[in-house]
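Written below as structure tokens is the structure these notes are about.
Where a number appears in this text, it was derived from the coordinates with a stated rule and is not lab data. Please read all numbers here as calculations on a predicted model, not as lab measurements. A quick note on method: Cβ atoms are made from the backbone with ideal geometry, for glycine too, and the neighbour counts reach across all protein chains shown.
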Amino acid sequence: MKKNLTKLRVRYGETDQMGIVYYGNYAQFLEQGRTEWLRELGFSYKWMEANNIHLPVINLNIDYKAPAYYDDLLTVTTRLRKIPTFKIEFDYEIHNESGQLLVSAATALVFVNSTTKKLQKAPDYLLNKLKETLD
């Protein structure tokens, strides 16, 4: 399925006293990968919200393999797991500059109508764009 590579540098404030990335910050790294995945497809969270769609996370799983450190350049690989329905699922890997796998993770998000606050199917514009990229 469609994937995106996002580079990010670990900032000092994202580390603990030992210079190691605080575990809770990985969720933000995943979000950044997911946001860039969507942007590369031609949409942004901001645009989707303006078009009445919210995407709350309903599941997050992270498997920590090795630490990342202050000033490391990380690559977040974000892959769509399958064509979305009412939810969209992603798999992730985070590697350091030497290619070492630091984290593997998965998230599931649901499409919510921002006016009614009810679940809805993935919007057609997203499904059509995905179909174009997969053909």
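Tabulated data for the structure shown
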| read-out | value |
| --- | --- |
| Count - residues of region 5-31 that are in contact (Cβ under 8 Å) with a residue 24 or more places away in the chain, loosely packed, with under 15 Cβ neighbours inside 10 Å and either within 17 Å of Ala105 (Cβ to Cβ) or within 17 Å of the chain's Cα centre (by Cα) (or both) | 5 |
| Meets criteria (among the β-branched types (Val, Ile, Thr) and surrounded by fewer than 12 Cβ atoms within 10 Å (Cβ to Cβ)) for Thr78 | no |
| Positions within region 60-75 being buried (at least 16 other Cβ atoms within 10 Å of the Cβ) and touching a Ser or Thr at 6+ places or on another chain (Cβ under 6 Å), in sequence order | Tyr70 |
| Region 68-118, residues that are farther than 21 Å from Lys2 by Cα and either under 11 Å from the mean Cα position of the chain (by Cα) or small (Gly, Ala, Ser) (or both) | Ala68, Ser98, Ser114 |
| Test: residue in region 76-90 that is of a type in the set (Val, Ile, Thr), over 23 Å from Lys131 (Cβ atoms) and touching an Asp or Glu at 6+ places or on another chain (Cβ under 6 Å) | no |
| Residue in region 107-135 that is nearest to Asp63 (Cα to Cα), counting only those that are of a type in the set (Ser, Thr, Tyr) and in contact (Cβ under 8 Å) with a residue 40 or more places away in the chain | Thr107 |
| Residue, surrounded by the fewest Cβ atoms within 10 Å (Cβ to Cβ), within region 89-135, restricted to residues that are in contact with a Ser or Thr (Cβ under 9 Å, 6 or more places away or on another chain) and assigned to a strand (DSSP E or B) | Asp91 |
| Boolean, Ile62 is closer than 14 Å to Phe29 by Cβ and in contact with a Leu (Cβ under 6 Å, 6 or more places away or on another chain) | no |
| Residue tally, condition more than 16 Å from Leu60 (Cα to Cα) and either in contact with a strand residue (DSSP E or B) (Cβ under 7 Å, 6 or more places away or on another chain) or aliphatic (A, V, I, L, M) (or both), over region 12-28 | 7 |
| Residue, surrounded by the fewest Cβ atoms within 10 Å (Cβ to Cβ), within region 35-59, restricted to residues that are charged (D, E, K, R) and touching a strand residue (DSSP E or B) at 6+ places or on another chain (Cβ under 6 Å) | Glu40 |
| Residue satisfying all of: in region 46-67; among the charged types (D, E, K, R) and within 18 Å of the chain's Cα centre (by Cα); farthest from Glu14 (Cα to Cα) among these | Glu49 |
